[in-house]
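Asks: Dropping the structure in here first, questions after.
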Amino acid sequence: MNKKQITNKKNWNLSIWNLFGTCLPAGEAGKFGNCRFGQSEKNGFSLVEIIVAVALFAVITRGGIIGMIAPLSSNRSSGEISKATQLAQEGLEAVRSIRDLDFTSLVGGTKGVGVSSSVWAFVGTSDVTDKFTRIINITNASRDAGGTLVASGGTTDPDTFVVKTDVNWNYSTGDTRNVSMLTLLSNWRKTISAGTIDGLIMYGIGTSFPYWRTFSTASNTFGVALTLPAIVGSPRNFVVRTSPTKNEAIAGMLSADGKLYVNCYDGTTWSQDWSVTIGVGTTRTRPFDIAYENTSGKVVVFYSTNVATTNELNFRTKLGSVGCGSGNWSGATAFDPVRTSAVVSWVKMNNNPVSGSNLIGALWVDFNKDLSSAIWNGTTFQNEPSVVGETSVESVGAGTSFPDVESFDLAYESVSGDLMTIWGISVGANGTNGVRYRLCPGNSATCTWGSVTTPPTWIDDATNLDLSANPNTDEMVFASIGNAGSDLQIGYWSGVGWTNTANVDITSQIPLAGTKLVATGWLISGATTRSVIAYNDSATTTINWYNGNRGIFSVGATVIPSPLFANPRKWYEIATNPKSKDTLMLTLSDNNSDLFAKRLTMSAVPAFTWTASDGSTQVEPNLVGNIVKPFGFAWSIF
């Protein structure tokens, strides 16, 4: 036994073995006390020595135990976190496997996973491994109008899900821990189309977001409503045009505070390419329009600058060879019309459909009710007539100082390329011809304008009017309703001259400011061609229409929509499908701010069939406005 002596009373570096294995030497007894079991050196301790030894032992062992517990606790925590992480990752991979087997198995809710028939499957609302509970939460992802994923406020994407895995366990009493993991899973097996759509419609229902829907000819239905990029103020005055050379569309809309927003669709998403303030003017005008060159695919936006006297109009263009994006548009170029000097209140354009042509006709009216025109030559507008076309364009209010209806139109003959402009004048009345027209023949930007002409045998005013060209010939059809006599009259252009059928309906709805209660179009099936005129009869809530065989017009069979239209209606448009000319779409808004879409098809017999593209409800029951083009529909051309 070691009997190491302590020679320095300050040396307390005693081992546990020293303390319990010997007594202090006799020479040190006076300093520390010796053993009480005899006067000689024996194995034993004094009471003081026991107390000191116990105290030192407690200090030493406490430090050692604490030093051992900390790493043991850390090791346990790390192990459990690692296990929970593995289970969370496994949960995501299990859902991915389920997705790969059948995407339709992914439905929203909380789920557990387990192995069934050697493959992963959903089991209950959670699953448990040892002390760990795993909960998988699946929710639909949402995207904004540009296709970007958003946490809220977007539109549900049925082909993308957010998958979150939570693993929970009790580490100790009152100490619950969690590991979470998140991923996105998409329907990667879904066939990716080129983004081609058969048609689209656009409208406003709120104070910030314009809405749009795609149209399918196969199902005769519109898709779910999607939002476009937000604007400031409620949207109105919708113009939608589709490219003849690629899968693209351009849409313009005016906000309540007088700002023009121009959006571009690339076949997949919409972008808000640019905007400019063009002035409020009045809610009963539309001071801009959009048109594509027929051959190049260049698009032109022509709009009022809200100034008088000089440079009253601007235009911006985008080449057909470039895509969407603000950087692909030209800067604003001023156009200073010679024949009008007040602020421009209405603008209309129409492109020349003749093969190889890039001409676009333009017609505008200013706040003095003066009307003028020009032709886009591929670079700029030119060839404004040498004298003003009209100095008193028709309006609803007799004392109105501005044109409060779109009482003018234009179209190109489809074979010759001659440009027809036509309008109503304020001297028209019930029994007084209120129609004038002007022709610029020659399929050229430098064509020579003819004189302003009064078509023969027409006997009524033309407050609301519409003109459309036969897509296969030089024929045109015209229809108008006057606010003086509320008579519907229909005109037929043979390619050489006009004939007229007066008083087709003498109880038509009286036009109001900002309304358009008549629309025209064409149907072609084999060797059979018919014009179509839809209008608002004041005594009915049904589809009122005529069809024309050259200059002979027959009333169409009564079609009762569901729900019925409200009276009066507010805005009518007809668009013939350029890919299937036996089909046209009638879109209209009514007094209840409902938006309807009705498709008309014609066989070679001919037999006419109306169907409800709006699903016998409405495309939209809550338009933000119902006058002055509160929606825009366009067929896909490309």
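Asks: Could you list all residues from the stretch 619-634 that are without any contact (Cβ under 8 Å) to a residue 60 or more places away in the chain and crowded, with 22+ Cβ neighbours inside 10 Å? Can you show your working first?
Replies: Initially, the stretch 619-634 is screened for residues without any contact (Cβ under 8 Å) to a residue 60 or more places away in the chain, giving 621, 626.
Listed by number, the list holds a single entry, N626.
Asks: Related question: Could you list all residues from the stretch 603-627 that are in a strand (DSSP E or B) and farther than 18 Å from S216 by Cα?
Replies: F608
Asks: Suppose we keep only residues that are hydroxyl-bearing (S, T, Y) and under 25 Å from the mean Cα position of the chain (by Cα) within the stretch 310-323. Which one would you say is surrounded by the fewest Cβ atoms within 10 Å (Cβ to Cβ)?
Replies: This residue is S321.
Asks: Separate question: Sort out which residues of the stretch 327-377 are within 20 Å of L254 (Cβ to Cβ), assigned to a loop (DSSP other than H, G, I, E, B) and touching a residue at least 60 places away in the same chain (Cβ under 8 Å), and write them in order of number.
Replies: Selection gives V343, F367.
Asks: Please state which one of T285, T268, T309, T295 is in contact with a strand residue (DSSP E or B) (Cβ under 8 Å, 6 or more places away or on another chain), of a type in the set (V, I, T) and farther than 14 Å from G632 by Cβ.
Replies: T285 is the lone residue from the list that is in contact with a strand residue (DSSP E or B) (Cβ under 8 Å, 6 or more places away or on another chain), of a type in the set (V, I, T) and farther than 14 Å from G632 by Cβ.
Here's the yes/no breakdown for (1) in contact with an Asp or Glu (Cβ under 6 Å, 6 or more places away or on another chain); (2) within 22 Å of S395 (Cβ to Cβ):
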position: G450; (1), (2): no, no
position: P455; (1), (2): no, yes
position: A462; (1), (2): no, yes
position: T515; (1), (2): no, yes
position: T520; (1), (2): yes, yes
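Asks: Here is a further query. If V299 passes every condition in (1) more than 21 Å from S355 (Cα to Cα); (2) surrounded by 22 or more Cβ atoms within 10 Å (Cβ to Cβ) but one, which one does it miss?
Replies: (1)
Asks: Among the residues of the stretch 241-259 satisfying the criterion of being of a type outside the set (S, T, Y) and surrounded by fewer than 22 Cβ atoms within 10 Å (Cβ to Cβ), which is nearest to T277 (Cα to Cα)?
Replies: Only one residue fits best here, namely K259.
Asks: Listed residues F209, F215; which is among the aromatic types (F, W, Y) and at pLDDT below 90?
Replies: Going through F209, F215 in turn, just one is among the aromatic types (F, W, Y) and at pLDDT below 90: F209.
Rundown of residues vs (1) at pLDDT 85 or above; (2) more than 23 Å from F132 (Cα to Cα); (3) assigned by TED's automatic domain parsing to the domain that holds L182, yes/no style:
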| residue | (1), (2), (3) |
| --- | --- |
| G79 | yes, no, no |
| L92 | yes, no, yes |
| V95 | yes, no, yes |
| R99 | yes, yes, yes |
| V107 | yes, yes, yes |
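Yes/no per residue for (1) crowded, with 21+ Cβ neighbours inside 10 Å; (2) assigned to a strand (DSSP E or B); (3) at pLDDT below 95:
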| position | (1), (2), (3) |
| --- | --- |
| A462 | yes, no, no |
| L467 | yes, yes, no |
| V477 | yes, yes, no |
| V532 | yes, yes, no |
| T541 | no, no, no |
| G548 | yes, yes, no |
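Asks: Shifting gears a bit: Anything in the stretch 398-430 that is surrounded by 15 or more Cβ atoms within 10 Å (Cβ to Cβ) and over 29 Å from T379 (Cα atoms)? List them, or say none.
Replies: T400, F402, P403, D404, V405, G424, I425, S426, G428, A429, N430
Asks: Let me ask you something else. Taking the stretch 599-613 only, how many residues are buried (at least 21 other Cβ atoms within 10 Å of the Cβ) and either over 20 Å from the mean Cα position of the chain (by Cα) or modelled with pLDDT under 95 (or both)?
Replies: Of the residues in that region, 2 qualify.
Asks: Tell me whether the stretch 125-148 contains one or more residues that are assigned by TED's automatic domain parsing to the domain that holds M181, among the polar types (S, T, N, Q) and without any contact (Cβ under 8 Å) to a residue 12 or more places away in the chain.
Replies: So far as the stretch 125-148 goes, yes, one or more of its residues are assigned by TED's automatic domain parsing to the domain that holds M181, among the polar types (S, T, N, Q) and without any contact (Cβ under 8 Å) to a residue 12 or more places away in the chain.
Asks: Next up: If you scan the stretch 364-397, which residues turn out to be closer than 17 Å to V628 by Cα, among the hydrophobic types (A, V, I, L, M, F, W, C) and surrounded by fewer than 24 Cβ atoms within 10 Å (Cβ to Cβ)?
Replies: Correct list: F367, V396.
Asks: Hey, among the residues in the stretch 218-228 that are out of contact with any Lys or Arg (no Cβ under 8 Å at 6 or more places or on another chain) and buried (at least 18 other Cβ atoms within 10 Å of the Cβ), which one's nearest to W270 (Cα to Cα)?
Replies: L228
Asks: Tally time: how many residues in the stretch 441-456 are in contact with a Gly (Cβ under 9 Å, 6 or more places away or on another chain) and either under 24 Å from V405 (Cβ atoms) or not small (G, A, S) (or both)? Even if it seems obvious, please write down each step before you answer.
Replies: Of the stretch 441-456, the ones in contact with a Gly (Cβ under 9 Å, 6 or more places away or on another chain) are 441-445, 447-449, 452, 455-456.
Adding the requirement that they be either under 24 Å from V405 (Cβ atoms) or not small (G, A, S) (or both) leaves 441, 443, 447-449, 452, 455-456.
Result for the stretch 441-456: 8.
Asks: To continue, here is another question. Somewhere in the stretch 293-309, is a residue under 20 Å from D409 (Cα atoms), assigned to a loop (DSSP other than H, G, I, E, B) and either over 21 Å from the mean Cα position of the chain (by Cα) or of a type outside the set (V, I, T) (or both)?
Replies: yes
Asks: In contact (Cβ under 8 Å) with a residue 40 or more places away in the chain, in a strand (DSSP E or B) and charged (D, E, K, R) - does that describe any residue in the stretch 195-212?
Replies: So far as the stretch 195-212 goes, no, none of its residues is in contact (Cβ under 8 Å) with a residue 40 or more places away in the chain, in a strand (DSSP E or B) and charged (D, E, K, R).
Asks: Also, I was wondering about something else. In the stretch 248-279, which residues are of a type in the set (K, R) and over 24 Å from V307 (Cα atoms)?
Replies: If the condition is that a residue be of a type in the set (K, R) and over 24 Å from V307 (Cα atoms), then no residue fits.
Asks: Return yes or no: is N351 touching a strand residue (DSSP E or B) at 6+ places or on another chain (Cβ under 8 Å) and surrounded by fewer than 19 Cβ atoms within 10 Å (Cβ to Cβ)?
Replies: No.
Asks: Take the residues of the stretch 327-348 that are of a type in the set (D, E, K, R) and more than 29 Å from I637 (Cα to Cα): which is surrounded by the most Cβ atoms within 10 Å (Cβ to Cβ)?
Replies: R339
Asks: Is one or more of the residues making up the stretch 572-594 farther than 25 Å from V224 by Cα, aromatic (F, W, Y) and in contact (Cβ under 8 Å) with a residue 40 or more places away in the chain?
Replies: The answer is no; no qualifying residue exists.
The values are calculated or read from the model by the stated rules, or taken from the named source; none is laboratory data. Note that the coordinates shown come from a computational prediction; the quantities given were computed from them, not determined experimentally. FYI the Cβ positions are ideal-geometry reconstructions off the backbone, even for glycines, and counts take in every protein chain you see.
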